[in-house]
Amino acid sequence: MIKTVFITGADKGLGFSLVQQFLRAGMRVFAGQYQTDSDLSELAKSFPQTLTPIPLDVTQLASVIWAAETVAKLVPALDVLINNAGVMLEKRTPLLELDLSQLPLFETLDVNTFGPLRMVQQFLPLLEKGEHKLILNISSEAGSLADCWRESEFAYSMSKAALNMQSKILQNHLKPRGFKILAVHPGWMRTDMGGSEADINPDEAAEGIFKLAVKNWNLDDGIYMDYKAQPINW
Ligand SMILES: NC(=O)c1ccc[n+]([C@@H]2O[C@H](COP(=O)([O-])OP(=O)(O)OC[C@H]3O[C@@H](n4cnc5c(N)ncnc54)[C@H](OP(=O)(O)O)[C@@H]3O)[C@@H](O)[C@H]2O)c1
C-alpha cells in the first residue's frame, strides 16, 4: 500500500496532474516546486495535511539534499519517487543548420538524466524504509533506440536514452534490496512541452501512471513501457 510519494517538476503539466491524482487517492504528496510561485501553492492551501510543496532544482545537488532532509523531518519513509522534471530545449533543426556550439546537450542531460540520479541517490535512505520501493522515471519514446524515427532533437532523445540505461542499471543494483524501477513514456501530451497539437491531456497520462505506481510489480517484469503499460522496445 502506497502512502507517500515525491513528484519532481510538479508546478504544471504532467507533474501537476500526477500530484492531483495521488491526492485524490488520499496519499501524502511531496511536490517538487521549481518556480517560486505556481498553481501548486494554491492547490496546497486546499490540501494542508496531505500536500507539501518542496522547493527543488534537480540540477543542484544542494537543493536535492535539502529536499531529502526536509522530507525526512516530516515522514519516516517514502514509498514512491516519480522523477518527472524534464526539459526540451531544442527545435527540430536539421543537422547542417545546427550550431553544435549552441546544442543544449549538457543542460538537457543535467535535468533529464543527472536530475533523476541525484534524486535517487539522496532519497534512497527514505525509500529503503518505504513499503513499496518504487522509482518511476518519466522517460519518453524518444529514448528508444530500436524504434527511433527522429532525424533531429539530438539532446532530448539522447538524454532519455541515457535515462533508460540509468533505469536498467538501477534495477540491477537495487533489485536485491527489493526495489522496482520503471521508465515510462507518458504519451504525447498537451503541455507546454508537448504543445497544443498533442494526442492526450496530461490528466489521462497521470491516470495511467497512477495505476502503474500502485501496482505490485514482480521485480523481473519489464522496465520500459508507456502509460498504458504497453512495453516499448529499448
Ligand atoms: N509533453 C510530452 O508530450 C512528453 C512526451 C514524452 C515525455 N515527456 C516527459 O514528461 C515529463 C513532463 O513533461 P511535461 O510535458 O509535463 O513538461 P512541462 O509542462 O514543461 O513540465 C516540466 C516541469 O519540469 C520543471 N523543471 C524544469 N527544469 C527543472 C529543474 N532543473 N528542476 C526541477 N524542475 C524542473 C519545469 O519547470 P519550468 O517550466 O519552470 O522550467 C516544469 O514544471 C518530462 O520528463 C518530459 O520529458 C513529455
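Please treat every number below as a calculation from the coordinates, not as lab data. Fair warning: this is a prediction, and the values are worked out from it, not measured in the lab. Don't worry about glycine lacking a Cβ; one is built from the backbone with ideal geometry, like all the others, and counts go over all protein chains shown.
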Could you sort the peptides 219-228, 45-54 by per-residue average Cβ neighbour count (10 Å cutoff), highest mean leading?
219-228, 45-54
What is the dipole size for the chain, taken about its Cα centre, with +1 at each Lys and Arg Cβ and -1 at each Asp and Glu Cβ, in debye to the nearest 20?
1000
Rounded to the nearest Å, what's the spacing between the alpha carbon centres of segment 193-227 and segment 40-85? Just the number, please.
21
Helix 13-24 versus the longest principal axis of the chain: what angle, 0 to 90°, nearest 10, using Cα atoms?
20
In degrees, nearest 10, range 0 to 90: what is the angle between the Cα axis of helix 61-74 and the longest Cα principal axis of the chain?
30
Compute the relative contact order of the chain as a whole-number percentage, counting only Cα pairs closer than 8 Å that sit 6 or more residues apart in sequence.
20
In the chain, taking the dipole from +1 charges on Lys and Arg beta carbons and -1 charges on Asp and Glu beta carbons about the Cα centre, the listed residue (Pro94, Val75, Ile135) farthest towards the positive end is Val75
How long is the gain from Lys228 to Glu128 if the chain were fully straight, where each residue apart is worth 0.36 nm and the alpha carbon distance is subtracted?
33.3 nm
If packing is taken as the average count of other Cβ atoms within 10 Å, what order do 139-150, 99-110, 74-85 fall into, highest mean first?
74-85, 139-150, 99-110
Determine how many Å³ per residue the convex hull of the Cα atoms of segment 116-164 encloses.
73
Cβ-based charge dipole, the chain, positive-most Cα from Phe179, Leu105, Leu18
Phe179
Relative to the chain, whose Cα atoms define the longest principal axis, helix 154-174 and its Cα axis are tilted in degrees, nearest 10, by 40
Under 15 Å from a point 7 Å along the Cα-to-Cβ line of Leu61: which residues of segment 114-140 have their amide N that close?
114-123
Can you give the FRET efficiency for Gln121 and Glu151, using 1/(1 + (r/R0)^6), R0 = 30 Å, r = Cβ-Cβ distance, to the nearest 0.05?
0.30
Is it possible to state the helix-based mean residue ellipticity at 222 nm for the chain, with each DSSP H run of 4+ residues giving -39500 (n - 2.57), the sum divided by total residues, to the nearest 500 deg cm²/dmol? What is it?
-11500 deg cm²/dmol
Over 31 Å [Cα-Cα, the chain], rounded percent:
16
Under a cut-off of 17 Å between alpha-carbon atoms, report the lysines in cross-link reach of Lys3, not counting same-chain residues fewer than 8 places apart.
Lys73, Lys129, Lys133, Lys180, Lys211, Lys215
